[in-house]
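Heads up: the structure comes next, in structure tokens.
The values are calculated or read from the model by the stated rules, or taken from the named source; none is laboratory data. What you see is a predicted model, and the numbers here were worked out from it, not measured in a lab. In this analysis, Cβ positions are derived from the backbone assuming ideal geometry, glycine residues included, and neighbour counts consider all displayed protein chains. Keep in mind that these areas ignore ligands, DNA and RNA; they rest on the heavy atoms of the full protein, side chains included. Shrake-Rupley method; radii C 1.70, N 1.55, O 1.52, S 1.80 Å.
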Amino acid sequence: MSNRLRALALYKELQRLGKDYPDPSYDFKARVRRMFEKNRNLTDDAEIEKAIKFGEYIKEETLALYSLRKYRHLKRMYPDSIPGPGNGPPMT
């Protein structure tokens, strides 16, 4: 896939992820747009690849943030239902 198509696909994916960003004051979608606009005129393949890798890193970290947020919510809702050491009935 060409660098242009990869960058467009990454941009669309990050914009979709930005809809659910937990902190509205951070303005995730506008930051992503500025980041892509700043790198719009890159011509060197190595620099383009570096920028795409950075965008993929941001995507992975954002997904991890969402997973952590869901896990914490479940942990608050069901604090004693998760078996583990000290939780649950004694073993016989």
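Give me the net charge of Asp20's neighbourhood, meaning all other residues with Cβ under 12 Å from the Cβ of Asp20; Lys, Arg count +1, Asp, Glu -1. Don't jump to the answer; show the numbers that get you there.
On the way: positive: Arg16, Lys19, Lys29, Arg69, Lys70; negative: Asp23.
Result for the local shell: +4.
Per atom type, the chain shows carbon and sulfur on 55% of its accessible surface, probed at 1.4 Å.
For Lys59, a cut-off of 19 angstrom between C-alpha atoms picks up these lysines, skipping any fewer than 8 places away in its own chain: Lys12, Lys19, Lys29, Lys38, Lys50, Lys70.
Here the extension length gained between Ala46 and Glu13 equals 9.7 nm, from 0.36 nm per residue of separation less the Cα-Cα distance. Checking (1) 1.04; (2) 0.99; (3) 1.59 against the coordinates, the calculated Cα Rg over 2.2 N^0.38 Å falls under label (3). GNM on the chain, C-alpha springs below 10 Å: top fluctuator among Ala64, Ala46, Ala30? Among Ala64, Ala46, Ala30, the largest GNM mean-square fluctuation belongs to Ala46. Solvent-accessible surface (1.4 Å probe) assigned to Glu56 amounts to roughly 60 Å². Relative to the longest principal axis of the Cα atoms of the chain, the long axis of helix 3-18 makes an angle of roughly 40 degrees.
With R₀ set to 30 Å, the beta-carbon distance separating Leu5 from Ser67 gives a calculated FRET efficiency near 0.65.
Using helices alone, I'd like the mean residue ellipticity at 222 nm for the chain: each DSSP H run of four-plus residues gives -39500 (n - 2.57), total over residue count, nearest 500.
Details: 3 runs with 60 residues, N = 92.
The per-residue figure over the chain is -22500 deg cm²/dmol.
Considering the chain as a Gaussian network with a 10 Å cut-off on Cα pairs, which listed residue, Leu63, Leu17, Leu74, attains the greatest mean-square fluctuation? Fluctuation is largest for Leu74.
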